Amino acid sequence: MSNTFSGEVPLLVDIGWKPLPALFVGAYAGIGFGGAAGTSGQICDQDDITCITLSLRGGIEAQYHFIPNGWMNPWVGYGIGIESTAFSGSNGATTYSVAAAGWELGHFMAGLDFRLSRAIGIGPMVDFSVGQYSALAVNLNGQSSSSSIANRALHEWLFVGARLVVFP
């Protein structure tokens with residue numbers, strides 16, 4: 001993957017409820033935008049092709065909050081879901097895309113929320129996921145084909161950033 005995808009800028013959204021003050025249960029959805037790297041990036045540069053990457057993910061999750069009513073609240077979480085990552089390019093005459101989809105087997109999260117008010121929190125977070133793509137779709141100038149991936153391998157994503165929490 002590092003031979004195709006550069007770093008991405010992710011946006012993740014969690015929505016759910018707290019059946020207990022320390023336990024959040026819900027769903028997550030995410031989108032990430034980026035560029036090409038490695039061999040793919042070299043081909044894009046060499047052939048004057050505009051290349052972009054897009055990743056989508058979604059699933060279910062649970063988070064444990066250690067000090068749910070404190071002004072500083074460390075937390076950890078786990079989720080499982082599906083993901084799809086696409087690489088596309090165009091130079092005017094030719095357009096193509098390659099997309100892979102599969103399971104996000106483990107979505108591990110941790111962070112530290114600082115409560116700014118009763119309804120708003122903000123803080124650093126880290127998100128590490130392990131997945132395995134099982135399907136591949138290719139589109140070249142409007143002609144599409146899809147197939148199952150025979151030689152599957154695990155891959156990882158690492159996100160480091162900040163999060164905004166509404167009604168922590």
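Remarks
- Those chymotrypsin sites (Phe, Trp or Tyr not before Pro) in the range 33-76 that DSSP places in a loop and that have at most 15 other beta carbons within 10 Å: F66, W71
- About the centre of its Cα atoms, the range 1-61 shows a dipole size close to 360 debye [charges on the beta carbon of Lys, Arg (+1) and Asp, Glu (-1) only; nearest 20 debye].
- Sequentially through the range 143-155, phi angles give Karplus couplings (6.51, -1.76, 1.60; θ = phi - 60°) of 8, 10, 8, 9, 7, 8, 8, 7, 9, 7, 9, 6, 9 Hz, Gly and Pro residues having no value and appearing as x.
- Under 16 Å from a label point set 7 Å out along the Cα-to-Cβ vector of V138, the amide N atoms of the range 74-106 belong to 86-89, 95-101.
- Here the calculated FRET efficiency for D45 and N69, from their Cβ-Cβ distance with R0 = 41 Å, stands at 0.20, rounded to the nearest 0.05.
- Full extension of the chain between V166 and L105 gives 19.2 nm of extra length, using 0.36 nm per residue less the Cα-Cα distance.
Taken together, the values in this text are just the output of simple stated rules run on the coordinates, not laboratory data. Note that the structure is a prediction, hence the values are computed from the model and not measured. Backbone-built Cβ (ideal geometry, glycine too); neighbour counts: all protein chains shown.
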